[in-house]
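> I have a structure I would like to understand better, so I am pasting it below and will then ask my questions one at a time.
The values are calculated or read from the model by the stated rules, or taken from the named source; none is laboratory data. Please read all numbers here as calculations on a predicted model, not as lab measurements. Methodologically, a virtual Cβ is constructed for each residue, glycine included, from the backbone with ideal geometry; neighbour enumeration extends over all protein chains shown.
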Amino acid sequence: MEQTTLAQKIAGILNDKKAKDISVLHVAHLTVITDYMVIASGRSSLQVKALADEVDDAMAMEGIQLRSKEGNAEGRWIVLDYGTVLVHIFHPEDREFYRLEKLWDDGQNRVELPFDLED
């Protein structure tokens, strides 16, 4: 699956499961760590965990292997590593504290999401 498509698909899964404030950033020109970051929030630690599980299950069904998963025990900030796409799912308080978009958004690297165009 093409990288942009993968990032958009993950964002769509999160949107379908009622994640909040979903954004996708193309960061390949800013870091060697990954090409895309998907950032979203859940309303509680329980929802953060459920969102991460949903993404993980959907990607496994697509045959896309999860490289690592961090933060699941606490459910405050879970990171799913799919190589070219890193998924960050936050509890709202932690997202406000870390402000990843502010670190990685250069003003031109946001990826349009189909469900944003519908609103």
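> Those residues that are over 19 Å from N15 (Cβ atoms) and surrounded by fewer than 17 Cβ atoms within 10 Å (Cβ to Cβ), I need them from the stretch 61-71; list them, please.
G63, Q65, L66, R67, S68, K69, E70, listed by residue number.
> Could I ask something else about it? Condition first: charged (D, E, K, R), surrounded by fewer than 18 Cβ atoms within 10 Å (Cβ to Cβ), within 17 Å of A7 (Cβ to Cβ) and modelled with pLDDT of 95 or more. Can you find one or more residues in the stretch 96-109 that meet it?
No; the residues of the stretch 96-109 include none that is charged (D, E, K, R), surrounded by fewer than 18 Cβ atoms within 10 Å (Cβ to Cβ), within 17 Å of A7 (Cβ to Cβ) and modelled with pLDDT of 95 or more.
> Here is a follow-up. Does G107 meet the test of being in contact with a Lys or Arg (Cβ under 8 Å, 6 or more places away or on another chain) and in a loop (DSSP other than H, G, I, E, B)?
So G107 fails the test.
> Is there a residue being touching a residue at least 24 places away in the same chain (Cβ under 8 Å), among the hydrophobic types (A, V, I, L, M, F, W, C) and in a strand (DSSP E or B) anywhere in the stretch 1-21?
Checked against the condition, which is being touching a residue at least 24 places away in the same chain (Cβ under 8 Å), among the hydrophobic types (A, V, I, L, M, F, W, C) and in a strand (DSSP E or B), the stretch 1-21 yields no hits at all.
> Could you check how many residues of the stretch 69-90 are in contact with a strand residue (DSSP E or B) (Cβ under 8 Å, 6 or more places away or on another chain) and either without any contact (Cβ under 8 Å) to a residue 12 or more places away in the chain or of a type in the set (F, W, Y) (or both)?
5
> Can you tell me which residues in the stretch 1-45 are within 17 Å of T84 (Cβ to Cβ) and out of contact with any helix residue (DSSP H, G or I) (no Cβ under 9 Å at 6 or more places or on another chain)?
E2, Q3, T4, T5, A7, H29, V32, I33, T34
> State the number of residues belonging to the stretch 11-44 that are closer than 19 Å to F97 by Cβ, crowded, with 16+ Cβ neighbours inside 10 Å and not aliphatic (A, V, I, L, M).
3
> Could you go through the stretch 46-56 and let me know if any residue there is polar (S, T, N, Q), modelled with pLDDT of 95 or more and touching a helix residue (DSSP H, G or I) at 6+ places or on another chain (Cβ under 6 Å).
No, every residue in the stretch 46-56 fails to be polar (S, T, N, Q), modelled with pLDDT of 95 or more and touching a helix residue (DSSP H, G or I) at 6+ places or on another chain (Cβ under 6 Å).
> Something else: Being within 13 Å of the chain's Cα centre (by Cα), of a type in the set (V, I, T) and in a helix (DSSP H, G or I) narrows it down to one residue among V38, V48; which is it?
Testing whether each residue is within 13 Å of the chain's Cα centre (by Cα), of a type in the set (V, I, T) and in a helix (DSSP H, G or I) leaves just V48.
> What number of residues within the stretch 79-95 satisfy the criterion of being surrounded by 18 or more Cβ atoms within 10 Å (Cβ to Cβ), closer than 21 Å to T4 by Cα and not aromatic (F, W, Y)?
Qualifying residue count for the region: 6.
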